[in-house]
Amino acid sequence: MDQTSIVIYKTWQINIPEDFITRLGIREGNALLCLLEDNEIRLRPAETDSLHVPTPAPSVAPTSPTLGSVSEHSINREGFWIQCFGSMSVSKAGQRIIFQNKKAKELVAYLLCNGGGPIRNTVLAEILWPDTQPANAMDSLYKVNRYLRNLHIGDESFPIVMAHGEIYFDYSKLCCDLYEFEILYQQKEHVEAWSKAIELYRGSVFYDEYYDWITPYEAYYDIRFLEMTEFLIAHYEKVGNREMADYYRLKQNK
């Protein structure tokens, strides 16, 4: 196997030698799948669309994010708001929820990364407790769900639902920055929309957590962030606005 050095600057950015890029047959903007086997890191090309990425629940917005325009009214900020970029933060009307249960926080993170729609209890139990006997893992999942349902801000309980062997969010009472980011990103090369999306980005998804399943989601959003900043740098250089071009360079390098 060819030996090549990869210099890691950030958790989401690596430098790969040019001859290695040529042999992989990839180009700028392509996604790579990373696999660790026998203490070796193996890379292979992958289309980003092949990753399982979040699809906002239809009830969240009257307009699909893949169609039409971005509307401030399509984002529900009156319910629970969850920040996923950088550190997770859950709030409503200026009040915050602090998770005392790490697995409860991970369950919320996994549901958000998968669009918040229904996921089978058995799947979630296996993902969150991979080294636990199935019966014990299911028991732990029920306890975590009960913990989340008992979280309140005022009279409003955290909008998680367990029904018919599945867990999901009541999206009429919740929204998050991942969903808003995706809506804005879909406005292809729209300066105002992409500027707003970049302001939502505070670092890789759940940056300070080390979930085994998180890597594809980090890649999905990091690649989009880099795409948008590169576009805006080029746009502002083209119109002669060096100050804004430098602003997005700084954003890119933080």
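The values are calculated or read from the model by the stated rules, or taken from the named source; none is laboratory data. Being a predicted model, the structure only gives us computed values, none of them experimental. Ideal geometry is used to build each Cβ from the backbone, glycine not excepted, and the neighbour counts take in all protein chains shown. The accessibility values were calculated without ligands, DNA or RNA, using every heavy atom of the protein model including side chains. Shrake-Rupley method; radii C 1.70, N 1.55, O 1.52, S 1.80 Å.
Contact annotation: no residue pair with Cβ atoms under 7 Å, 6 or more positions apart or on different chains, pairs a residue in the range 229-241 that is more than 24 Å from F181 (Cα to Cα) with a partner that is at pLDDT 95 or above and surrounded by fewer than 17 Cβ atoms within 10 Å (Cβ to Cβ). Residue count for the range 195-254 satisfying the condition of being assigned to a helix (DSSP H, G or I) and either open to solvent by less than 70 Å² (accessible area, probe 1.4 Å) or of a type in the set (S, T, N, Q) (or both): 31. Among the residues making up the range 172-189, those that are closer than 21 Å to Y207 by Cβ and not in a strand (DSSP E or B) are D177, L178, Y179, E180, F181, E182, L184, Y185. Scanning the range 97-113 for residues that are open to solvent by less than 60 Å² (accessible area, probe 1.4 Å) and either modelled with pLDDT under 90 or over 18 Å from the mean Cα position of the chain (by Cα) (or both) turns up I97, F99, N101.
Just to be sure, is G94 surrounded by fewer than 19 Cβ atoms within 10 Å (Cβ to Cβ), among the small types (G, A, S) and free of Cβ contacts under 8 Å to residues at least 12 places away in the same chain? Judged against the criteria, G94 is a match.
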